[in-house]
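The structure appears right after this line, and notes come after that.
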Amino acid sequence: KNQVEQSPQSLIILEGKNCTLQCNYTVSPFSNLRWYKQDTGRGPVSLTIMTFSENTKSNGRYTATLDADTKQSSLHITASQLSDSASYICVVTVTSGNTPLVFGKGTRLSVIA
Amino acid sequence: DAGVTQSPTHLIKTRGQQVTLRCSPKSGHDTVSWYQQALGQGPQFIFQYYEEEERQRGNFPDRFSGHQFPNYSSELNVNALLLGDSALYLCASSPGGYEQFFGPGTRLTVL
């Protein structure tokens with residue numbers, strides 16, 4: 001069964017600190033992996049997309065890594081800001097089957113002053 | 001470019017009723033996908049429309065149906081609403097199904 005597991009479920013950090021969110025997937029055949037940021041009650045916004053051949057992708061203070069051999073990805077946030085408080089969702093694209101995107105449940109990040 | 005827009009923003013219905021949600025894709029996008037997101041969960045794929053046809057469908061009952069119009073906008077219809085249908089309904093558009101851009105969602109509450 002295609003699944004995406006994220007950890008931790010929730011995280012609280014102080015403003016200015018760094019943090020790393022984890023994503024493990026059991027999706028096959030794999031096409032690409034994306035990280036989205038979702039503010040409460042809003043639609044997800046794409047942060048990064050990585051294909052099988054890419055192992056790192058940056059977008060400002062966000063850096064995603066991908067290890068296709070171990071089927072693991074991480075999202076590192078540098079110098080966190082209050083506005084980073086949101087859910088971060090890992091999404092894997094499947095190249096066949098009925099469900100094109102498989103979503104994790106997300107990590108709820110709270111950045112406090 | 002307004003991006004992906006959805007209407008209404010919020011909706012309250014009672015069990016057994018029917019509801020129609022609407023989505024206008026980002027300019028230049030021809031593919032629209034619908035997702036259901038329960039509170040505290042990740043989005044679940046409902047179906048995807050391309051060229052006015054349902055191209056893929058997730059594990060949702062036939063009570064969930066959709067339509068895509070020639071201008072690529074789309075509707076999601078849910079019949080015989082259940083309490084469990086309460087969720088945030090997200091629409092995402094893409095130029096052919098790759099990069100997906102999400103709308104702000106419609107919050108449906110079933111009482």
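The values are calculated or read from the model by the stated rules, or taken from the named source; none is laboratory data. Values in this document were obtained by computation on a predicted structure and should not be read as measured data. Positions of Cβ are backbone-derived with ideal geometry, glycine not excepted, and every protein chain shown enters the neighbour counts. Surface accessibility is based on the protein's heavy atoms, side chains included, excluding ligands, DNA and RNA. Shrake-Rupley method; radii C 1.70, N 1.55, O 1.52, S 1.80 Å.
What to note about this one:
- Yes/no for A:Lys71 being charged (D, E, K, R), within 11 Å of chain B (Cβ to nearest Cβ), under 26 Å from B:Ile46 (Cα atoms) and open to solvent by 10 Å² or more (accessible area, probe 1.4 Å): no
- Lone unmet requirement of (1) under 19 Å from A:Ser46 (Cα atoms); (2) open to solvent by 40 Å² or more (accessible area, probe 1.4 Å); (3) part of a strand (DSSP E or B) for B:Pro104: (3)
- From A:Asn55, A:Asn18, A:Asn32, residue being within 14 Å of chain B (Cβ to nearest Cβ), touching a strand residue (DSSP E or B) at 6+ places or on another chain (Cβ under 9 Å) and in contact (Cβ under 8 Å) with a residue 12 or more places away in the chain: A:Asn32
- Taken over region B:78-99, the criterion of being exposed (fewer than 14 other Cβ atoms within 10 Å of the Cβ) and within 14 Å of another protein chain (Cβ to nearest Cβ) is satisfied by B:Gly96, B:Tyr98.
- Filtering region A:74-92 to residues that are open to solvent by less than 20 Å² (accessible area, probe 1.4 Å) and of a type in the set (Val, Ile, Thr) leaves A:Ile77, A:Ile89, A:Val91, A:Val92.
- Candidate set from region B:11-34 (those that are at pLDDT 95 or above and within 12 Å of chain A (Cβ to nearest Cβ)); member that is surrounded by the most Cβ atoms within 10 Å (Cβ to Cβ): B:Cys23
- All of (1) more than 9 Å from chain A (Cβ to nearest Cβ); (2) part of a strand (DSSP E or B); (3) farther than 21 Å from A:Arg34 by Cα hold for B:Ile46 with one exception: (3).
- The condition (being assigned to a strand (DSSP E or B), open to solvent by 50 Å² or more (accessible area, probe 1.4 Å) and over 24 Å from A:Lys105 (Cα atoms)) is satisfied by just one residue among B:Glu75, B:Glu54: B:Glu54.
- Every residue from region A:17-28 that is of a type outside the set (Gly, Ala, Ser), open to solvent by 50 Å² or more (accessible area, probe 1.4 Å) and not in a strand (DSSP E or B): A:Lys17, A:Asn18
- The one condition in (1) away from every other protein chain (no Cβ under 11 Å); (2) under 17 Å from B:Gly42 (Cβ atoms); (3) open to solvent by less than 50 Å² (accessible area, probe 1.4 Å) that A:Ser7 fails to fulfil: (3)
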